[in-house]
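**Student:** The structure under discussion is supplied below as structure tokens; questions concerning it will follow.
The values are calculated or read from the model by the stated rules, or taken from the named source; none is laboratory data. From a predicted model like this one, the values you see are computed outputs, not experimental measurements. FYI the Cβ positions are ideal-geometry reconstructions off the backbone, even for glycines, and counts take in every protein chain you see.
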Amino acid sequence: MKFENSVIDLIKKRTSTRTFESKEIDPNQFQKLESILKDINEDAVALSGIKAKFVLSSFINLDLKEEKKIGTYGVISGAKNYIVGIVDQDEKNALEFGYLYEKIVLAATDLGLQTCWLGGTFKKADFEQNMDLAEHEKIAIVSPLGYKKDKPRMMEMAMRKVVGANKRKPWNELFFDKSPTSPLTEKGAAEYAIPLEMVRLGPSASNKQPWRVIKDGECYHFFLSRTKGYGVAGFDMQLNDIGIAKCHFELSAESLGLYGEWLENPPMIRPSDWSYVCTWKAEK
Ligand SMILES: Cc1cc2nc3c(=O)[nH]c(=O)nc-3n(C[C@H](O)[C@H](O)[C@H](O)COP(=O)(O)O)c2cc1C
């Protein structure tokens, strides 16, 4: 996927927006995003092997009073358009779903639009009413799409404070050198310091940041450190977070001319409380 702006800048720029201007999206930008979704639905989804699709859903005919009632429990205000991620009821591959949905989020950021991943605080029934879903499909994630208001609402500021949305865990809690007891420094990561930093800056459900990476030579092993009590019922939100990490790592590495491939190659040494997900093997 090609962006107008540097993907590293887009990752740094993206933050969740919950207070939107109630104006419509520029038709040109809307069309561009529609065409990106079409490509992803036609090519990338097939390539990933998952049963999913991504659509833009508009609530533009609603008046303001009705709009307030659109099912986000008051978390989002002003947005008239949403990116809706649909999966088959039995689709378990939240990793690839998260990877593709984050590409769309970055594409929207590239077009100057703001977003907010919503996995919990939306009423599925309200969104289902606005689209034709097959019986075997369900909505996994939605995101409002539009232009942020200069001043966020008090509720948005409070939400960010509760989850510490501006903060990320330090490197020594996320990235490791050969063994999970030996932290990886930025110096040790050398040319991969930026792709790892892009993983660290990623959004995650409730900002839990469950990604862990062990570097071993040219291999970067990605793990999921699950948050206790954070269920996988319905849709595995934390595996989805690793998909976001995979997206940030791969796109930023490739933008720096660092190529590699994703493999299943679990390392010998790995902590029992982390789940192995995938490995990036860098080209030598
Ligand atoms: C998979 C996923 C699900 C999320 N679900 C919600 C949600 O239901 N409601 C909400 O307000 N924010 C949700 N968020 C947004 C996170 O709270 C947010 O990404 C995190 O606090 C970091 O803030 P930032 O996105 O501004 O960097 C979700 C994020 C992800 C990645």
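So that you can scan it fast, the table gives a plain yes or no per residue for (1) within 21 Å of Glu21 (Cβ to Cβ); (2) modelled with pLDDT under 95:
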residue	(1), (2)
Lys80	yes, yes
Asp88	no, no
Tyr99	no, no
Leu113	yes, no
Trp117	yes, no
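**Student:** If you take the residues of the stretch 140-152 that are away from the ligand (no atom under 12 Å from the Cβ) and charged (D, E, K, R), which of them is surrounded by the most Cβ atoms within 10 Å (Cβ to Cβ)? Working first, answer last.
**Tutor:** The initial filter retains those residues of the stretch 140-152 that are away from the ligand (no atom under 12 Å from the Cβ), namely 145-147, 149-151.
Remaining after also requiring charged (D, E, K, R): 149-151.
Details: Lys149: 17, Asp150: 7, Lys151: 9.
The residue in question is Lys149.
**Student:** Okay, next question. Any residue at all in the stretch 24-46 that's surrounded by fewer than 16 Cβ atoms within 10 Å (Cβ to Cβ), modelled with pLDDT under 95, in contact with a strand residue (DSSP E or B) (Cβ under 9 Å, 6 or more places away or on another chain) and assigned to a loop (DSSP other than H, G, I, E, B)?
**Tutor:** yes
**Student:** If you don't mind, there's one more thing I want to ask. Do any helices (runs of 4 or more DSSP H) lying entirely in the stretch 51-157 carry at least 2 residues that are over 15 Å from the mean Cα position of the chain (by Cα) and of a type outside the set (A, V, I, L, M), and which ones are they? Before the answer, list the steps.
**Tutor:** Numbers: elements: 64-68, 94-110, 124-129.
Output list reads 64-68, 124-129.
**Student:** State all residues of the stretch 208-234 that are under 17 Å from Ser182 (Cα atoms) and aromatic (Phe, Trp, Tyr); if no residue qualifies, say none.
**Tutor:** Across the stretch 208-234, the qualifying residues are Trp211, Tyr220, Phe222, Phe223.
**Student:** A further question follows. For the stretch 174-265, give me every one of the helices (runs of 4 or more DSSP H) that falls completely inside it and has 3 or more residues that are within 20 Å of the chain's Cα centre (by Cα). Please lay out each step first, then the result.
**Tutor:** Working: elements: 186-189, 193-200, 237-255.
Ranges flagged: 193-200, 237-255.
**Student:** Pick from Phe97, Phe127, Phe122: which is free of Cβ contacts under 8 Å to residues at least 60 places away in the same chain and aromatic (Phe, Trp, Tyr)? Steps first, answer last, please.
**Tutor:** Working: Phe97 fails: free of Cβ contacts under 8 Å to residues at least 60 places away in the same chain; Phe127 fails: free of Cβ contacts under 8 Å to residues at least 60 places away in the same chain.
Unique residue meeting the criteria: Phe122.
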